[in-house]
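Below: the structure, in structure tokens.
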Amino acid sequence: MAVDVLLVEDHEIVRHGIKTMLERSGDFRVVGEADNGTDAVQFCQRASPQIILMDLVMPGLNGIEATSEIVRNTPQAKIVFLSALDDDYSVVKAIRAGARGFVLKRATLGDLLDALRTVAKGGSYLSPQVSDRLLIRIQKGDLESGVPSALDALSPRELQVMRMIAEGLTSKEIAQKLDLGVETVRSYRKTMMKKLGLNNVAALTHMAMSAGLTLRRESTSAAVA
């Protein structure tokens, strides 16, 4: 019998493609779709999908906030994140919210199906790239630092911009990659620095690297532009 899935993804084309692939597998049936976290929470209040395949960055209620709400109201909910973000902080935050799985959008269809089948049977799943890196950080004790709690005030979109700044991208480059206006990116940067009590991009970069948001270790001031 096919497993009922609620598909939560804010890009219609991506959502349609995922739905088609899941249903062609014969193991899954998409019983609902949502393009934001609020609608996902409301759907789960009306119905009981066996799996919720959740995006991370969405307008309004983001994936992590929606997951917290769904798990609070429906403890048996099995949520798997499918995200382009692969930084350790986002993964840990998703798991703490109640997710049972985290799959990268660059993963293969086989990986995604394996993740959904594993979670549907009561297990948990992390993309190998994510689990290997987290294991190393846990062994080193890096995840015990207080940096993640400082970042709790940031939204997934702000974390995404923060990582790109730390990797040396300019505001214009970030705007192009995320389909945002340059002034919007600068506004994100200003808001993040205010929330985190930071005065310059170098400090923002250092915090991003300490939290595992980027693997790069060189500081840059290029993103100030």
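What nm value, rounded to one decimal, do you get for the distance between ALA84 and LEU113 when each label is placed 7 Å out toward the C-beta?
Spacing of the two 7 Å Cα→Cβ label points: 2.6 nm.
Sorted by packing (mean other beta-carbon atoms within 10 Å per residue), highest first, where do 172-181, 35-44 land?
By packing density, highest mean first, the sequence is 35-44, 172-181.
What number, in percent, do you get for the relative contact order of the chain if the mean sequence gap of Cα pairs under 8 Å and at least 6 apart is divided by its residue count?
Relative contact order, the chain: 15 percent.
In degrees from 0 to 90, rounded to the nearest 10, what is the angle of the helix 12-25 Cα long axis to the longest principal axis of the chain?
The answer is roughly 40 degrees.
Mind checking which of SER25, SER90, SER127 has the largest fluctuation in a GNM of the chain, springs on alpha carbons under 10 Å?
Its mean-square fluctuation being the largest, the pick is SER25.
Looking at the P(r) of the stretch 3-136, how many percent of alpha-carbon pairs lie beyond 24 Å?
18 percent
Of the cross-linked pairs LYS105/LYS194; LYS19/LYS93; LYS105/LYS177, which ones have a Cα-Cα span greater than 23 Å in the structure shown?
Listed pairs above 23 Å: LYS105/LYS194; LYS19/LYS93.
What ranking of GLU23, GLU69, GLU9 emerges when the number of other C-beta atoms within 10 Å of each C-beta is taken as an exposure proxy, fewest first?
Ranking GLU23, GLU69, GLU9 by Cβ neighbours within 10 Å, fewest first, gives GLU23, GLU69, GLU9.
Could you grab the relative contact order for the stretch 3-136? Cα pairs under 8 Å, six or more apart, rounded to a whole percent.
For the stretch 3-136, the relative contact order is 20 percent.
Relative to the Cα centre, what is the charge dipole magnitude of the chain, using +1 at the beta carbon of each Lys and Arg, -1 at the beta carbon of each Asp and Glu, and rounding to the nearest 20 debye?
So the magnitude is around 360 debye.
How large is the helix-only mean residue ellipticity at 222 nm for the chain, computed as the sum of -39500 (n - 2.57) over DSSP H runs with n ≥ 4, divided by its residue count, in deg cm²/dmol to the nearest 500?
Only helices count here, giving -16000 deg cm²/dmol.
Is the shape of the chain best called rounded, prolate or oblate, per the rule: a/c under 1.5 gives rounded, else a/b larger than b/c gives prolate, else oblate, with a ≥ b ≥ c the square roots of the Cα gyration tensor eigenvalues? Each step should come with its number before you reach the end.
Values: a/c = 1.95, a/b = 1.66, b/c = 1.17.
Note, shape of the chain comes out prolate.
Give me the net charge of ASP179's neighbourhood, meaning all other residues with Cβ under 15 Å from the Cβ of ASP179; Lys, Arg count +1, Asp, Glu -1.
Numbers: positive: ARG157, LYS172, LYS177; negative: ASP10, GLU12, GLU173, GLU183.
Once positives and negatives cancel, what remains is -1.
Any read-out appearing in this document is the output of simple, stated calculations on the displayed coordinates, not a laboratory observation. Bear in mind the structure is a predicted one, so any value in this text is a computation, not a measurement. Quick reminder, even Gly has a Cβ in these numbers, built from the backbone with ideal geometry, and neighbours come from all protein chains shown.
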